[in-house]
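S.K.: Just passing along the structure, written as structure tokens.
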Amino acid sequence: MEEEKSVVEAVSESSQDETGENGECEVRERPEGSKSQVAKALIRQAKVEVGNAEAEIEACIDNIRSDLESLEAFERSELMPVVEQSRALLKRMGVGAAEQPAELGARIDLENPEVEKIEIKELSSGRFGAFVTGLIGAAATVGGWYYAVAMKLGLEPVPQKLPDVEAVKAMLAEVPKIARFGEGFEIGAAIVGGSALVVWWVIYALMVSSRASKNLRIAEKIDEEAQFYCRKKQECKEKMEQVRAHIAELENLARRYEAVLAENNAGLRRAFIVEGTEDFSKMHDKSRRLAQRTEELVKELDALLTTPLAEAGMLTLESMHALTRAQKIMEEYLASIYGE
């Protein structure tokens, strides 16, 4: 028991090293010890690895939720008011703009990516069943001796009542004669008891050994499944980290759009006052270009914010393309400003 305990404790202490600093499943040495000890150690390792993988995915989901909350807070408090001002100003000029984009949070699937679950149960040593079966075997051995003695003495194979002490002694005295070893009921009792004990031990040892071999096969299979599960979860984690990076880029770009649109809104209001008209066709060329650029930015921002970001924890191609396009539009616009 002490040896088994030490193996399990060693596995527990080294569990962090086995899963790696970043939760990656690493190649590890096979535990040493008996079949039962190795099986317990493998099950322990599997539980630790699966638990760590699940915890890391949940941490990723929590981080993404936090990032989304930050982005949505910026949208509600800063970005959308500026965008609505742009829409209102463009509408006054007779220039159309896309409708208000949908809520971002409703377009992201944050559920834990589905990887077939593994159920890890504690392995039964089978000792209790072996103990009981051994007792049955021992009882059958005693019954066999009774039958042999009963046949020799001409007694009933199945007694109608329990024999008294003297009858038992007489029957035990016949056992050495059958076994051809010694004489006297004491020797008979020793032979019956010893043979019953041997039968019990053989049955017990065989069943426990068989169970240990079976448990080892089960544990090895669970260990393989746990490592595969861990690798798949690590892939999911990497994909979800890409979602986080994408959200960070999106928020940074959205802040640029907010700053530019706020400046454009001020320019359009200035044009209304200075030029004395809100008719697009009668406004100055620079004011018309400013309105057209503002409309282009609003539409591009709408397309960016209404594109689904992630499904089943994975970044969508549409969202990547939308971000790249929106970045390009902003870069071209800033280049036109600073190049003039």
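The values are calculated or read from the model by the stated rules, or taken from the named source; none is laboratory data. Source: prediction; values computed, not measured. Note: ideal-geometry Cβ built from the backbone for every residue, glycine included; neighbour counts use all protein chains shown.
S.K.: Could you tell me whether region 81-97 includes any residue that is surrounded by 14 or more Cβ atoms within 10 Å (Cβ to Cβ), of a type in the set (A, V, I, L, M), under 30 Å from residue 253 (Cβ atoms) and modelled with pLDDT under 80?
M.R.: Yes: one or more hits.
S.K.: Of the residues that make up region 5-23, is at least one within 16 Å of the chain's Cα centre (by Cα), crowded, with 17+ Cβ neighbours inside 10 Å and either modelled with pLDDT of 85 or more or not in a helix (DSSP H, G or I) (or both)?
M.R.: yes
S.K.: On to the next question. Tell me whether region 312-319 contains one or more residues that are in a helix (DSSP H, G or I), touching a residue at least 12 places away in the same chain (Cβ under 8 Å) and either on the phi < 0 side of the Ramachandran plot or under 36 Å from the mean Cα position of the chain (by Cα) (or both).
M.R.: yes
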